[in-house]
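As structure tokens, the structure follows; a few thoughts come after it.
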Amino acid sequence: MEESRIAVLAIAVKDREKAMQVNEILHNYGEHIISRNGIPYQEKGISIITVIMDAPQDEVNTLSGKIGKLQEVEVKTSYLKI
């Protein structure tokens, strides 16, 4: 079994219509999500979602890849050294 890692994902949703798709994907990984926070940044016309996960790196990479494939959505992932 692969070692679990703490990951922080920053997701920028540029098209509100894509938010539902992002939420569906995140829902499928709910067992690994420690925290999830969404903030509308009206001045820039985007929504920012931060997600903290405790999961094997392969799971985090798969989730990040699925979200990153959505048009008008950008995701960055960082891992904590714990």
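The values are calculated or read from the model by the stated rules, or taken from the named source; none is laboratory data. As the structure is a computational prediction, the values presented were derived from the model and not from experiment. Please note: Cβ atoms are built from the backbone with ideal geometry, for glycine as well, and neighbour counts cover all protein chains shown. Heavy atoms of the whole protein, side chains included, go into the accessibility calculation; ligands, DNA and RNA do not. Shrake-Rupley method; radii C 1.70, N 1.55, O 1.52, S 1.80 Å.
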- Query: Are there any pairs with C-beta distances below 8 angstrom linking a residue in segment 24-45 that is over 22 Å from LYS14 (Cβ atoms) to a residue that is among the polar types (S, T, N, Q), with the two at least 6 apart or on different chains, and if so which?
  - Reply: SER35/THR50
- Query: Applying the selection to segment 4-17, what residues are among the charged types (D, E, K, R), over 18 Å from GLN57 (Cα atoms) and either at pLDDT 95 or above or buried (at least 16 other Cβ atoms within 10 Å of the Cβ) (or both)?
  - Reply: LYS14
- Message: Can you find, within segment 18-47, the residue that is farthest from ARG5 (Cα to Cα) among those that are open to solvent by 60 Å² or more (accessible area, probe 1.4 Å), in a strand (DSSP E or B) and of a type in the set (A, V, I, L, M)?
- Response: ILE39
- Task: Filter segment 48-60 for residues that are exposed (fewer than 14 other Cβ atoms within 10 Å of the Cβ) and polar (S, T, N, Q) and give the result.
- Result: THR50
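Before we move on, is GLU72 farther than 11 Å from ALA12 by Cα, open to solvent by 70 Å² or more (accessible area, probe 1.4 Å) and not small (Gly, Ala, Ser)?
No.
Within the group TYR41, TYR79, which residue is among the aromatic types (Phe, Trp, Tyr) and touching a Lys or Arg at 6+ places or on another chain (Cβ under 6 Å)?
On the way: TYR41 fails: touching a Lys or Arg at 6+ places or on another chain (Cβ under 6 Å).
It is TYR79.
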